[in-house]
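To start, the structure itself, in structure tokens.
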Amino acid sequence: RLPWSVVTFALTLTSLFVAWPVLPWIARGLTHVDRAMVRGLLFPSDELERRIAELESDRGTVVDTAAADLRRIERDLHDGAQARLVALAMGLGLAKEKLDEDPEAAAKMVDEAHGEVKLALQELRDLARGIHPAILTDRGLGPALSALSARCTVPVTVTVELPERPAPAIEGIAYFTVSELLQNISKHSAARTAEVDLWRTEDRLLIQVRDDGHGGASTD
């Protein structure tokens, strides 16, 4: 605007001496031009508007992802550690009742409860590590999915063909996607075996999870 300001000053000063009767209209016209110039300089460009829309969309995605993570943690606590701790309390209560009548059976139940405590502690550690389990952060998807499949109640074969590690965010999405699918297989499929395959095609990470159980999913 500096060159235009110089021109405006010069025209106004000249009109003051040679065209003072029409000076108000000249000043009004120069003001309109100046306002248009300011509006053009300060108004968001198409690129800026597109970037703002992207940021708003990304913010919504982050909020949805955080809410989904919170629901997942609540579900894992309810279905995993909490259920194990409830079973542990019941088992210890039964062992206490049998302590005098059948010490051998009570010792066996205490031993089983000890194993449940270890599993519950492991699940709580996994939750405490946050979105990325330690093995996923340190060693990548292959070892992480192998460790995940080892905890599945159905024998799982894992095949990972990745020439290089994906971004941490993509690894987290893939890990928890497979985790959710394996949980569904354990709970609902009545399968005897399952397979997890991961491979990369150009810029896409592909995941395929299969089992030999029955279906039954309904869209109703």
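The values are calculated or read from the model by the stated rules, or taken from the named source; none is laboratory data. Computed from a predicted model, the values in this text were never measured in an experiment. Please note: Cβ atoms are built from the backbone with ideal geometry, for glycine as well, and neighbour counts cover all protein chains shown. SASA here: full protein model, heavy atoms, side chains in, ligands and nucleic acids out. Shrake-Rupley method; radii C 1.70, N 1.55, O 1.52, S 1.80 Å.
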Note to self: Taking the full set of protein chains and a 1.4 angstrom probe, give the accessible area of residue 176 in square angstrom, rounded to the nearest 10.
What the structure shows: 40
Check: Could you give the nm distance between label points at residue 37 and residue 107, where each point is 7 Å from its Cα heading toward the beta carbon?
Finding: 9.7
Margin query: What number comes out for accessible area per residue over the stretch 100-188 if the probe is 1.4 Å? Units Å², please.
Written below: 60
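What FRET efficiency do you get for residue 11 and residue 59 if R0 is 45 Å and r is their Cβ-Cβ distance, rounded to the nearest 0.05?
It comes out at approximately 0.40.
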Next item on the list: Would you list, by chain and number, the aspartates and glutamates whose Cα falls below 20 Å from the Cα of residue 96, excluding same-chain residues fewer than 8 positions away?
Entry: 104, 111, 112, 116
Checklist line | Stretch gain in nm, segment residue 192-residue 27, where the contour uses 0.36 nm per residue and the Cα spacing is subtracted | finding: 50.7 nm
Checklist line | Shape box of the chain [Cα atoms, principal axes, largest first, Å] | finding: 119, 44, 42
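If you count the DSSP beta bridges with both ends in the chain, what percent of them are antiparallel, to the nearest 5? Could the numbers behind the result be given before it?
Numbers: 8 of 14 bridges.
Of those bridges, close to 55 percent are antiparallel.
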Next item on the list: Give me the percent of Cα-Cα pairs in the stretch 158-220 that sit more than 19 Å apart, rounded to a whole number.
Entry: 38
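Run the numbers on the chain and let me know its relative contact order in percent, using alpha-carbon pairs under 8 Å that are six or more apart. Each step should come with its number before you reach the end.
Working: 158 pairs, mean separation 24.2, N = 220.
Across the chain, relative contact order equals 11 percent.
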Check: Near residue 98, which lysines are there with a Cα under 30 Å away, not counting those fewer than 8 places off in the same chain?
Finding: 108, 118
Check: Hey, any idea what % of the stretch 1-107's accessible area is carbon plus sulfur with a 1.4 Å probe?
Finding: 67
Item checked: Separation in nanometres of the label points that stand 7 Å from Cα toward Cβ, at residue 114 and residue 67 -> 4.6
Notebook entry, point to check: Where only protein heavy atoms count, and the probe is 1.4 Å, what is the accessible area per residue for the stretch 1-90 in Å²?
Noted result: 79
Checklist line | Residues of the stretch 170-191 with amide N under 18 Å of the 7 Å Cα→Cβ point at residue 201 | finding: 174
Notebook entry, point to check: Over the stretch 87-172, how many percent of alpha carbon pairs lie in each 10 Å bin up to the one with the longest distance?
Noted result: 15, 32, 23, 17, 10, 3, 0
Notebook entry, point to check: What is the ratio of the Cα radius of gyration of the stretch 12-111 to 2.2 N^0.38 Å, where N is its residue count, to two decimals?
Noted result: 3.07
Margin query: Where in the chain is the longest stretch that carries no GluC sites (Glu not before Pro) classed as loop by DSSP and with at most 13 other Cβ atoms within 10 Å?
Written below: 1-163
Check: Separation between the residue 147 and residue 75 pseudo-spin-labels, each 7 Å from Cα along Cα→Cβ, expressed in nm?
Finding: 2.2
Check: For the stretch 1-58, which trypsin sites (Lys or Arg not before Pro) are both in a DSSP coil and crowded by at most 11 other Cβ atoms within 10 Å?
Finding: 1
Checklist line | Within the stretch 125-215, percent of DSSP bridges classed antiparallel, to nearest 5 | finding: 55
